[in-house]
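Engineer: The structure is given below, and queries will be raised subsequently.
Read-outs throughout are calculated quantities, based only on the coordinates presented, and are distinct from any laboratory measurement. Every value quoted in this text rests on a predicted model; they were computed, and no experiment measured them. Glycine gets a Cβ as well: all are built from the backbone with ideal geometry, and neighbour counts include every protein chain shown.
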Ligand code: NDP
Ligand code: 8X3
C-alpha cells in the first residue's frame with residue numbers, strides 16, 4: 001500500500017536517505033527543510049527517478065507558526081500522513097557547560113526538542129482522527145549516554161527518548177505506532193554543523209573505522225515502518241560495528 005511519508009530535515013544525511021528509500025519503494029513524500037533550493041532539487045530528482053509524488057515544504061522547525069501553517073496548508077490528498085519521520089536536528093559546538101555558548105544551546109534545544117514537539121503537535125491530530133499512523137523519532141546514542149562536552153546535545157536527545165515514550169503512551173489508544181531509532185556515529189553533514197564548518201575536525205570524527213552510512217539508517221527506518229499492523233518497535237539502538245558505546249571505538 002502506498003503511504004504518505006513526511007520527513008523533516010530531508011535536505012541531507014539521514015533525512016535525505018530516508019526520502020530516497022521510501023521513494024524507491026513507491027511511497028509519496030512530503031519533504032521539509034530550510035534550504036529551499038536543495039529541497040526542490042531533491043524533490044525533482046526523486047520524482048524523475050522513481051515516478052513518485054513529492055511535495056516540498058520549506059520551514060524552520062523552530063518557528064511554531066510556520067510549522068502549523070505548513071501542516072494546515074496540506075490539501076486533503078496530502079494530509080493523510082501515514083508516517084512522520086522526526087529527523088531534523090543538530091549538535092552545535094562541543095564544550096563543557098561552564099564554558100558553553102548559550103546561543104548554541106538554544107539552537108539545539110529549539111531544534112531537537114521544541115521543533116520535534118511542534119511538528120508532532122501539528123501532525124498527531126491528523127493521525128488520531130484516522131486512527132492510524134506511525135511516528136519515527138531519530139534519537140541518538142547521545143539520548144542513552146552522556147559524553148564529555150556533549151551535555152546539552154545529550155540532554156536534547158534524552159528528551160527525544162522521553163518524548164518517544166510519552167507519545168507512545170499518549171497515542172496507544174488511537175492505533176498509532178511510535179518508534180525511536182537511536183544511532184551511533186553516522187557520516188553526514190552532522191559534524192560539519194557541530195564544528196561550524198571546520199572540515200578537518202569534522203572529518204576526524206569518522207577516521208580509522210567505518211561509521212554508519214545514512215542509507216543504513218534509512219533501511220532500518222523503512223524496516224520498522226513495514227512490519228505487520230500488530231507489531232511496534234518501540235526503541236532501536238544501531239551502532240557501527242566498530243563503536244561499542246558513545247565513547248568506545250575500535251580505530252585502526
Ligand atoms: P545532517 O546535518 O546531514 O542533516 C540534518 C537535517 O536537519 C538537514 O536536512 C537540515 O536541513 C535539518 N535541519 C536542521 N535544523 C533544522 C531546522 N531548524 N529546521 C528544519 N530543518 C532543520 O545530519 P544528520 O542526517 O546526521 O542528522 C539527522 C538527525 O540524526 C538529527 O536529529 C541528528 O541529531 C541525528 N543523529 C545523527 C547522528 C550522526 O552521527 N550523524 C547519530 C545519531 C543521531 P536544513 O539545513 O536544510 O534545514
Ligand atoms: C550523534 C552521535 O555520538 O556524536 O547523535 O552524539 S554523537
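Engineer: So what is the 222 nm mean residue ellipticity for the chain from helices alone, if each DSSP H run of at least 4 adds -39500 (n - 2.57) and you divide by all residues, rounding to the nearest 500 deg cm²/dmol?
Structural biologist: For the chain, the value works out to -12500 deg cm²/dmol.
Engineer: Let me ask something else. For labels at residue 236 and residue 60 in the simple 7 Å Cα→Cβ model, what's the distance in nm?
Structural biologist: 3.3 nm
Engineer: Defining a contact as two alpha carbons under 8 Å apart and six or more residues distant in sequence, what relative contact order in percent does the range 167-226 show?
Structural biologist: 31 percent
Engineer: Please arrange 108, 192 by how many other C-beta atoms lie within 10 Å of their C-beta, fewest to most.
Structural biologist: Ranked by crowding around the Cβ, least crowded first: 192, 108.
Engineer: Here's another thing I want to ask about it. Under a point spin-label approximation (7 Å from Cα along Cα-to-Cβ), what is the residue 213-residue 102 distance to one decimal in nm?
Structural biologist: Once both label points are built, they end up 4.4 nm from each other.
Engineer: By the gyration tensor of its Cα atoms, with a ≥ b ≥ c the square roots of the eigenvalues, what is the shape of the range 109-151: rounded for a/c under 1.5, prolate for a/b over b/c, or oblate?
Structural biologist: It comes out oblate by the Cα gyration axes.
Engineer: Helix 36-50: angle to the longest alpha-carbon principal axis of the chain, degrees 0 to 90, nearest 10?
Structural biologist: 60 degrees
Engineer: Out of the DSSP beta bridges found with both residues in the range 4-238, what percent are antiparallel (nearest 5)?
Structural biologist: 0 percent
Engineer: How do 118, 153 rank when sorted from fewest to most other Cβ atoms within 10 Å of their own Cβ?
Structural biologist: Listed from fewest to most nearby Cβ atoms, that is 118, 153.
Engineer: Let me ask something else. With an 8 Å Cα cut-off and a minimum separation of 6 or more residues, compute the relative contact order for the chain in percent.
Structural biologist: Relative CO of the chain lands at 19 percent.
Engineer: Assign one of three labels to the range 1-119, namely rounded, prolate or oblate, based on the Cα gyration tensor with a ≥ b ≥ c the square roots of its eigenvalues; rounded applies when a/c is under 1.5, prolate when it is not and a/b is larger than b/c, and oblate otherwise.
Structural biologist: Because a/c hits 1.5 or more and a/b exceeds b/c, the range 1-119 counts as prolate.
Engineer: Of the candidates 172, 135, 160, which one comes out as most mobile in a Gaussian network treatment of the chain with C-alpha springs shorter than 10 Å?
Structural biologist: Fluctuation is largest for 172.
Engineer: Indicate the gyration tensor shape class of the range 120-178 (rounded, prolate or oblate), computed on the Cα atoms with a ≥ b ≥ c the square roots of the eigenvalues: a/c under 1.5 is rounded; otherwise a/b larger than b/c is prolate and the rest oblate.
Structural biologist: prolate
Engineer: At a temperature of 25 °C and a viscosity of 0.890 mPa s, determine how fast the range 4-238 diffuses translationally according to Stokes-Einstein, using the Kirkwood radius over alpha-carbon pairs as Rh; express D in µm²/s, rounded to the nearest whole number.
Structural biologist: 137 µm²/s
Engineer: Shifting gears a bit: Grab the Cα-Cα distance for residue 130 and residue 170, subtract it from 0.36 nm times how many residues apart they are, and report the gain in nm with one decimal.
Structural biologist: Extra length available between residue 130 and residue 170 comes to 12.9 nm.
Engineer: In addition: Between residue 248 and residue 40, what FRET efficiency comes out of the Förster formula 1/(1 + (r/R0)^6) with R0 = 35 Å and r the beta carbon distance, rounded to 0.05?
Structural biologist: The computed FRET efficiency comes out at 0.25.
Engineer: What is the fewest-to-most order of 217, 238 by other Cβ atoms lying within 10 Å of their Cβ?
Structural biologist: With the fewest neighbours first, 217, 238 line up as 238, 217.
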